[in-house]
Amino acid sequence: MATDPTISLKIRTALAEYLKRDPDRILVTQDLRDDLGLDSMAVIELLYRIEEAFDLQIPDQDLVGLATVGHVVIYVEKRLGKLTPVAPIKKSATPLKATKQSKPSKPKSKKKS
Amino acid sequence: MRARVVVTGLGVVSPIGIGISDFWKAALAGQSGISAISSFDPFPIEGYRSKVAGQVRDFAVERFIDSVHGERVDRYAQFGLVAAKEALADSGLRMAKENPHRIGVIVGAGMGGMVMGEREITQLYQQQKPHRVHPNFIPVITLNSASGIIAMAYGAKGPNLTISTACSSSAHALGQALHCIREGRADVVIAVGADASITPLVFAGFCSLRALSSKYNDNPEKASRPFDRLRDGFVMGEGAGALILESAAHAKKRKARVYAEIAGYAATSEAYHMVIPREDGLEVANTMKLALADAGLAPAQVDYINAHATSTTIGDAVEVKAIRQLFKSRADKITISATKSLIGHTLGAAGAIGGIASVLALYTGKIHPTANYDDPDPACALAGLSRSAQERRVKVALLNAFGFGSNNAAVVFKQAAAEGRRSKG
């Protein structure tokens, strides 16, 4: 099934911002945990941002099938019925600063720092 | 014989400097960290009675912490992480060479993750969209987020505790860390105090309590004036202090530089009132007495007191009354200073930062001034208070910290060079 390039780009851009890397390096075939290094909490944070960007509510039972970037893109596309997203991906509010603009959280890396 | 415990590392994030070197230089110069609050983005400060605070300016956690840990927690815990990092580096402790299960973390925090807490609560009530509450809300506002993240960042697998007793939180963190090492449960404890709640709701709450200074909104540096006749309430501050406490044997084994010994601690409750201290000062005097007894020292041996001294009318007078009760004629021979005159009241961080000032007084023989002590209140007059920095050999220092909830703490530090001498207490 062909994916909507707009949705795909927005999700990959959101991930790229989250992971602080080039969007071109985010591939739909990549596994969120094994390839991109997101831990379970980081996956939840990512989906929170996608819910906001596409004005969706993703039920708990749907989380199981969202293993790769492509799964997320197809899922969002299905849920939207190929509608145009209602809002651009915004930087997520994170608990960092007293100011309005906060940086997005970065997922836990496998590396120890 | 119980283990002696020493201080081997210090770290601080404060309104007058991030890092011990800048902090201590500014403190000795009597520099004020109090300034006007410009706004609570996105709304103005006009509606608040008090408009001044001791803020940590231009703080960006990524400048100090090269890892994801800083980004996952609220501002207060970021302060704690940064202070702990400096203290660990200062101590020379190499975590890779240590048994991680013998290194604990004890944090004192009064308010916790209020930056995110307030934002999420406001959004929920305004928008009524429960699914839009941030997934990190619970981990961030849970009060042990700082002690947790510090352990994760530095690999400390020993006892991990958070003490929350309002303004005395981190004095108790120091005391509980002392107990932990004395009892042999850890070789090292990273003892931290941290708070960052100059936030719209908390600040408004303290304004409503009529606890904050409001007469000096146009002259912020004058607002925090402990023991002065014209004091009119405390000034909110924010920051963190970290002290590496370590058994003397462990410190000796690794040839660590020792700043001072932490020798005694007492914790009491006045069982009296949520926010008002007993005016007779008896319980405060008793707390100091118990801490000195725990250290095996007599009141006559105290050279320096880092006073709780928040700049409230009643609180300062009660503390001085208690000092006079316990130390009697010697009260005027003790050098006293109020760190809050410089940085405001950092709430849960106050005990740790006051502890750092006490340890540095012992180590350097220098005592920072009490800013704005211009017109001594007769009810608070003590000869050892000064607007200027003072120099004297300090062998024994006492730290006071009192918190809402009728809570008192006192901690005794003594000069490391005096170790091994038997006190005559």
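The values are calculated or read from the model by the stated rules, or taken from the named source; none is laboratory data. All values derive from a computational prediction rather than experimental measurement. All Cβ positions, even for glycine, are placed from backbone atoms using ideal geometry, and neighbour counts span all protein chains on display. Ligands, DNA and RNA are excluded from the accessible area calculation, which covers all protein heavy atoms including side chains. Shrake-Rupley method; radii C 1.70, N 1.55, O 1.52, S 1.80 Å.
Per-residue answers, yes or no, for (1) part of a loop (DSSP other than H, G, I, E, B); (2) at pLDDT 90 or above:
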{"site": "A:Val28", "(1), (2)": "yes, yes"}
{"site": "A:Val73", "(1), (2)": "no, yes"}
{"site": "A:Val76", "(1), (2)": "no, yes"}
{"site": "A:Ala87", "(1), (2)": "yes, no"}
{"site": "A:Lys103", "(1), (2)": "yes, no"}
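Return the only residue of B:Gly54, B:Gly70 being within 22 Å of the chain's Cα centre (by Cα), over 23 Å from B:Thr122 (Cα atoms) and within 10 Å of chain A (Cβ to nearest Cβ).
None of the others qualify; the one that does is B:Gly70.
Can you name the residue in the stretch B:116-148 that is within 11 Å of chain A (Cβ to nearest Cβ) and in a loop (DSSP other than H, G, I, E, B) and, of all such residues, is most open to solvent (accessible area, probe 1.4 Å)?
B:Lys129
Among the residues of the stretch B:19-49 satisfying the criterion of being part of a loop (DSSP other than H, G, I, E, B) and in contact with a Pro (Cβ under 7 Å, 6 or more places away or on another chain), which is nearest to B:Leu360 (Cα to Cα)?
B:Gly30
Residue pairs, Cβ under 6 Å, 6 or more apart or interchain, first in the stretch B:192-203 and facing another protein chain (nearest Cβ under 9 Å) and more than 15 Å from B:Phe43 (Cβ to Cβ), second in a helix (DSSP H, G or I) and open to solvent by 10 Å² or more (accessible area, probe 1.4 Å). List them.
Cβ pairs passing all conditions: B:Ala196/B:Arg75.
Which residue is modelled with the lowest pLDDT, if the candidates are limited to the stretch A:42-70 and must be over 13 Å from the mean Cα position of the chain (by Cα) and more than 12 Å from every other protein chain (Cβ to nearest Cβ)?
So the residue we want is A:Val64.
Name, by its number, the condition in (1) within 14 Å of chain A (Cβ to nearest Cβ); (2) within 25 Å of B:Gly348 (Cβ to Cβ) that does not hold for B:Ile103.
The one condition B:Ile103 does not meet is (1).
Looking only at strands (runs of 3 or more DSSP E) that fall completely inside the stretch B:216-334, which ones have 1 or more residues that are small (Gly, Ala, Ser) and either more than 17 Å from the chain's Cα centre (by Cα) or surrounded by fewer than 20 Cβ atoms within 10 Å (Cβ to Cβ) (or both)?
Where strands (runs of 3 or more DSSP E) fall fully within the stretch B:216-334 and carry at least 1 residues being small (Gly, Ala, Ser) and either more than 17 Å from the chain's Cα centre (by Cα) or surrounded by fewer than 20 Cβ atoms within 10 Å (Cβ to Cβ) (or both), they are B:239-247, B:260-269.
Within the stretch B:20-37, does at least one residue satisfy the condition of being modelled with pLDDT of 95 or more, open to solvent by less than 30 Å² (accessible area, probe 1.4 Å) and under 30 Å from B:Glu183 (Cα atoms)?
yes
Being more than 19 Å from B:Ser14 (Cα to Cα) and either charged (D, E, K, R) or at pLDDT 95 or above (or both): is that true of B:Leu93 here?
When the stated conditions are applied, B:Leu93 passes them.
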